[in-house]
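Single-structure report; data block below.
Taken together, the values in this text are just the output of simple stated rules run on the coordinates, not laboratory data. Remember, it's a predicted structure, so these values are computed and weren't measured experimentally. Here the Cβ positions follow ideal geometry from the backbone for every residue, glycine too, while neighbour counts run over all protein chains shown.
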Amino acid sequence: MSHFKEFKIKWGMVIDIDKCTGCGACMVGCQVENNIAPMTKSDPYNYVQALTKPRDDASNKLRTLTWMNVYELSNGMAFPEHETAYLPRPCMQCGNPACVPVCPVVATDKNEEGGIVSQIYPRCIGCRYCMAACPYHARYFNWWDPLWPEGMDKGLSPSTSVRPRGVVEKCNFCHSRYLQAKDKARMDGEDPMNLPDGAYTTACADICPTKAITFGDLNNPEHRVHELAKGPHAFRLLEKLGLHPQVYYVSEREWVRKQGDNYNADAGGHH
Amino acid sequence: MEERKASKRCGGVFPFIIGFLATCVLGWAVIPGLFFENEEQPVWFSHAVHVEGQGLDCESCHYFRDDGTYAGFPTNEVCAECHAVDPEEAMEAIAEEGIDPTDYDAIMQAELGAIEDNLASSDDDMLQAEREYVVKYLIQGKEVPWLNYQYQPDNVYFSHASHMALSIEDLAGLKKELSDVVDPSVFEGEAPEQNCNLCHLKDIQANNVPPAFERNILSGYSKTTMKMWQCERCHALKGQPNACYTCHK
Amino acid sequence: MSVARRTFIQLGAGATVGILFTPTVWKALDDVSIWTQNWPWIPTLKYGAIENKPTVSKMCESGCAVKVRTVAGEPFGTMGNEDNPISGGGICPLCANGVQVKNSPNRIKAPMLNGEEITWEKAQEVVAEKLAAAGSKVAVVSGDQTGTANEVFSALLADKGSDAFYVMPCDMQAADKAWTGLMGGTGQIGYDLEGADLVLLAGADALESWGPTVANLKSFAANESGKFIFAGPMQTKTASVTSKWVPVPAEGMAAFTLGIAYYVLQAGKTADTADFGQFKAMVMSEYSPAKVEAATGVKADQMAALAKQLLTASNPVVVPAGPVAAHGAAFALNLLLGGAMKALPEFAKAIPSAMSRSEMLKADILEGVEADLLFVYEANPAYALPEKIKAGFTVAFDMVQTETTATANLVLPSPHPYERFDDLASPYGLAAATYSLGAPVCESSVDASNAATFILGLADLGFESFEEVIGAKTEAIGADMDALQGGEAYVVEGQTPMAASLAANVLGKASVPVKGTGTVGLAPYTLLNVGTANQATTPNAPCTISNNQLIGDHMVVMMGSATAKQLGVTVGAKVKLSGGKGECEALVQIFEGVMPGVVAAPLGLGHTVGDEFSKGKGDNVYKILTVSSEAAAGASTWAGSTVNVAKI
């Protein structure tokens, strides 16, 4: 039984891997926009530190909260044929999400016009079943309470609530910006359900110095992503799983495209 | 036979019923009130003085910004347009008098010209309230921590812009269904042009002493904080989406 | 009826059942569940008007134009400035975290004299005293490549009869030495990366950390049909998006460039200088393909192919990096090709007695600095140039605590770029002369004072505050202050570069590759998210640092499998690299994007002073860089550093 949900508006991204240098600005910008605290190892409020494990710092990549994560790809060849590429990976906001049906408390759902998979923090019980289900590893768990170094939490982004420990979180295409863009449209007397290209962009797309990330409504022919996603070099990750991810990647390099789907010669992967 | 006699001795079912009724009464009438403690607003602000008295209209302080967000509580910048006490001048005067800038009582008692000359109120009580505002907040560069009767936690995104077009007159037709969602008295009398009364204190513009803020001692929220089911009910009645992300962030 | 125990029990039972028919229990449960969602140690958000205020940021050496996002006046994030050509709407990972650095507890909170807090008045007294005693033995080390603050510092030096103005080692300096020093050219070299149809990045990591990185990235993205080629000892992040990576050792870059020039000369290209004949003769005889191949390992047909591409392009440009000779060779090649290299006119000075940019770039810090009184402005020489700087009394201006402030005598907190007036003029690399400035976005959260304003109080330079200086600069340039404060840039087109000479003699000698004596070559590289010489990694950046740079607390060095075999190490092996006057510990990673016989190591790690995100992570590769002298060119360079690698 397919849980494929179609909406009139389909927010998605087209990421040009040939323009991504892996600088990491999108990752840092995402953390700032979404109030992800820097990973602080020492906890000055832990009066029983001697009895407890220290917190993790950012070198433990199993504990970091990188809603947007940049992966390094390699063509696996030896010198001098070696090539690298960088692939930014937000949440795919799948059309048929693997994470939604497994949530025991319906803390995550794909029920809003626009197709962004929601994640409601107070409702989440932290069972992490959704994390196990997501093949893109796009979901992250708050192993620790967010702890900003002293004074750093006075400048927080008003867009995203701060999550306590024990809660799963993930990229939500900067959803608050969508709500803000709709409000602006209402203010200007325009249709909030028909936003022009660029009225609503994500923090990562905004910040990227090469504009490798293009964001928009995949269903709207007036948005750039509409054409880009249909391009000859466009592909999605793990398409054969049938999750209908809404993030497309573009690369003129075939070796990069092949890595999108665990390409095996006769494993029936994406052709 | 002995059992009946024994139970008859303690009154039969009667104590049970008494206990039941007593707690019912207490539980409905008394205990819910105990959940709340009253808190006063940090400064006595009278809408009547400003609206009726000074002729300000709502939009002077409560307005939609160009980007679609709503300016709810006015900032010091807005208040200072009329309460024009120059913070620098005031602080200088305080330093000259050798008063500790955080000793509010001493500053108010000193009756400094930089402050007193710029107060606009007419009677003594109002003057004192204005003085408190100026000394404790305006010249200190601190925004007044107004208590929001319609407080919503950070994970809620409320958009005033999307509720702009609602009219009380039109909603009156759903009076019965909305009886738990909004205060039924909102629909009585002539429907005002703006729909603020739906969720905010009715006819606040004529209010002289703001009611106490009733804070729930367990959750910390206001008594009048609109709960999720109330928003959902009205959304459902008006055919608006009830998707999680419609209201959450 | 008698009241017995059973009565009470019945009463109790009735009460218990009764309470369930009231809202009490259910409301209490609901309220408690909300209470569990609102722990008091989880910060709550502040709301208000959202404004994006334009300003300039000096977090990287070039500087950038950004917009600071504020809510109710409080900054919370940074975004690009679409109206400004330096940003074009994007920013780099350093600026993206600018607000967090501003709010860091690692900020210097007040002036400190030998570790003790003092007042600004006392600091002024102390410095004035030292200044009077030092006479002309005053020096300045500036980490700001583009700001008018440098004019203030150099004017102070001029007032005291000193010309000891130093910049941290940078390509801007090498380019100027080559262009104005050796080749008699005027203006600052720029490269039109957006308009060129073929760009050969000869060592310049332009899309990661060289020059005005964000502007470079924007030009690269906007240049849809242009082809970019990266030449260097390792596949940096720049090479991940260029069409080709040409492996060239760092010390061989000049020779490689002249090797390409050989073919270009052979094709009949000329340059309009007096010594062209001499230059051609020099290249044809000493930098023939065979000779260059022997010296650098780059195959002749590689150079021939690149030359062919450059010749068929209509607007090519070669962008150099590293030693002065490499810059000279690239400029010569660009003059022969007549492509997208530009010469930018210098903006008028605000302070007449200040040094010109060329003059500021003259002194070579790698030769060492000795002074009685040293001012260090937002630079970290104690970290990047250990043991090079000797001073009787050091005054360090900086935002956050660094190795330099930890060892300085007097530490003066400067406001964060978002808290102060600042400007930037023509970051090196831009194709047009560009001037931008910024006003403070918010008040400083610490007792900081603008460094340039402090200096203005020490000598009579005709200005009371840095704000005035910037006003004067704007007027001198002829720009509109309001437009500039609104985030726009003042732009003057670059001109066709003209040189007096191709420095045939010098280039010929200086381009010979010179390598150290260690077993393997060292290719140090800079990643902005790891940190630059002046700015350590920012609070939210550590999670972006990959296992190719850092694992746990250990630095990672990369080498090809052939090199690893040669050294007898495998993936994850712990090794010690010794070079220069120091040694570093690291773990080995096999990465086929490094030339054989070369080890690539990340710069920017190994801080011993700083916040918890940068301190104690990895090791400091600046310790093991070797300085070799480009005697012919009158400069020193780090290119050609080698190390010995030993297993631990």
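Compare the Cα positions of B:N197, B:A165, A:L156 along the charge dipole of the protein assembly as shown (+1 at Cβ of Lys, Arg; -1 at Cβ of Asp, Glu; about the Cα centre) and return the one farthest towards the positive end.
Going by the Cα projections, it comes out as A:L156.
If you take the charge dipole of segment C:171-344 about its Cα centre, with +1 on Lys and Arg Cβ and -1 on Asp and Glu Cβ, which of C:T238, C:T312, C:F228 is farthest toward its positive end?
C:T312
Going 7 Å from the Cα of B:Q194 toward and past its Cβ, which residues in segment B:146-164 have a backbone nitrogen under 17 Å from where you end up?
So the set is B:149-150, B:159-164.
Tell me, what is the FRET efficiency for C:K227 and A:K230 to the nearest 0.05, using R0 = 25 angstrom and their Cβ-Cβ distance as r?
Values: r = 26 Å, r/R0 = 1.04.
It comes out at approximately 0.45.
Can you tell me how much longer the chain between C:S561 and C:Q37 gets when fully stretched, taken as 0.36 nm per residue apart minus their C-alpha distance, in nm with one decimal?
On the way: separation 524, 0.36 × 524 = 188.64 nm, distance 5.24 nm.
Extra length from C:S561 to C:Q37 when fully extended: 183.4 nm.
At a 10 Å Cβ-Cβ cut-off, how would you order B:Y149, C:Y383, fewest neighbours first?
Values: B:Y149 19, C:Y383 24.
Fewest-to-most ranking of B:Y149, C:Y383: B:Y149, C:Y383.
Relative to the Cα centre, what is the charge dipole magnitude of segment B:41-246, using +1 at the beta carbon of each Lys and Arg, -1 at the beta carbon of each Asp and Glu, and rounding to the nearest 20 debye?
Working: 12 positive and 37 negative charges, 341 e Å.
So the magnitude is around 1640 debye.
Which of B:S60, B:G33, B:F20 sits closest to the plus end of the dipole of segment B:1-132, meaning its Cα is farthest towards the positive end, when Lys and Arg get +1 and Asp and Glu get -1 on the C-beta?
B:F20
Taking R0 as 51 Å, what FRET efficiency do you get between B:E116 and B:T224 from their Cβ-Cβ distance, rounded to the nearest 0.05?
Values: r = 37 Å, r/R0 = 0.73.
It comes to 0.85.
For segment C:40-195, with only Lys/Arg (+1) and Asp/Glu (-1) charged at the beta-carbon, what is the dipole magnitude about the Cα centre, in debye rounded to 20? Don't jump to the answer; show the numbers that get you there.
Working: 13 positive and 18 negative charges, 94 e Å.
Charge dipole, segment C:40-195, about its Cα centre: 460 debye, nearest 20.
Each label point is 7 Å from the Cα along the Cα-to-Cβ direction; what then is the distance between the points at B:L56 and B:E232, in nm?
With each label placed 7 Å out from Cα toward Cβ, I get 3.9 nm.
Sticking with the crude label model, points 7 Å out along Cα→Cβ, report the distance from B:F73 to C:A631 in nm, one decimal please.
7.3
So if R0 is 41 Å, what FRET efficiency would C:T16 and A:D197 give, r being the distance between their Cβ atoms, rounded to the nearest 0.05? Walk me through the numbers on the way to the answer.
Details: r = 62 Å, r/R0 = 1.52.
That pair, C:T16 with A:D197, gives E of 0.05.
At what distance in angstrom do the alpha carbon centres of segment A:42-106 and segment B:12-65 lie from each other?
Measuring centre to centre over Cα atoms gives 47 Å.
If you put +1 on each Lys and Arg Cβ and -1 on each Asp and Glu Cβ, how big is the dipole of the protein assembly as shown around its Cα centre, in Debye rounded to 20? Walk me through the numbers before you get to the answer.
Details: 90 positive and 135 negative charges, 1324 e Å.
Taking the Cα centre of the protein assembly as shown as origin, the dipole is about 6360 debye.
Using the alpha-carbon centroid of each, what span in Å lies between segment C:450-492 and segment B:112-183?
43
Only counting other Cβ atoms within 10 Å, I'd like B:T246, C:T563 sorted with the fewest neighbours first.
Values: B:T246 19, C:T563 25.
Lowest count first: B:T246, C:T563.
Do you know the relative contact order of segment C:162-284, to the nearest whole percent, from alpha carbon pairs under 8 angstrom that are 6+ apart?
Relative CO of segment C:162-284 lands at 17 percent.
Would you mind calculating the relative contact order of segment C:517-625 from Cα pairs under 8 angstrom and at least 6 residues apart, reporting the percent as a whole number? It would help to have the intermediate numbers written out before the result.
Numbers: 236 pairs, mean separation 38.1, N = 109.
Relative contact order for segment C:517-625 comes out at 35 percent.
At a threshold of 8 angstrom on Cα-Cα distance, excluding pairs fewer than six apart, so keeping six or more, what relative contact order does segment B:41-246 reach in percent? Could you put the intermediate results ahead of the total?
On the way: 200 pairs, mean separation 53.6, N = 206.
Relative contact order, segment B:41-246: 26 percent.
Could I have the simple spin-label model distance between B:L166 and B:L34, label points 7 Å from Cα toward Cβ, reported in nm to one decimal?
3.4
With n ≥ 4 as the cut-off for DSSP H runs, can you work out [θ] at 222 nm for the protein assembly as shown, using -39500 (n - 2.57) per run divided by the number of residues, rounded to the nearest 500?
On the way: 37 runs with 306 residues, N = 1168.
The helix contribution divided over the protein assembly as shown gives -7000 deg cm²/dmol.
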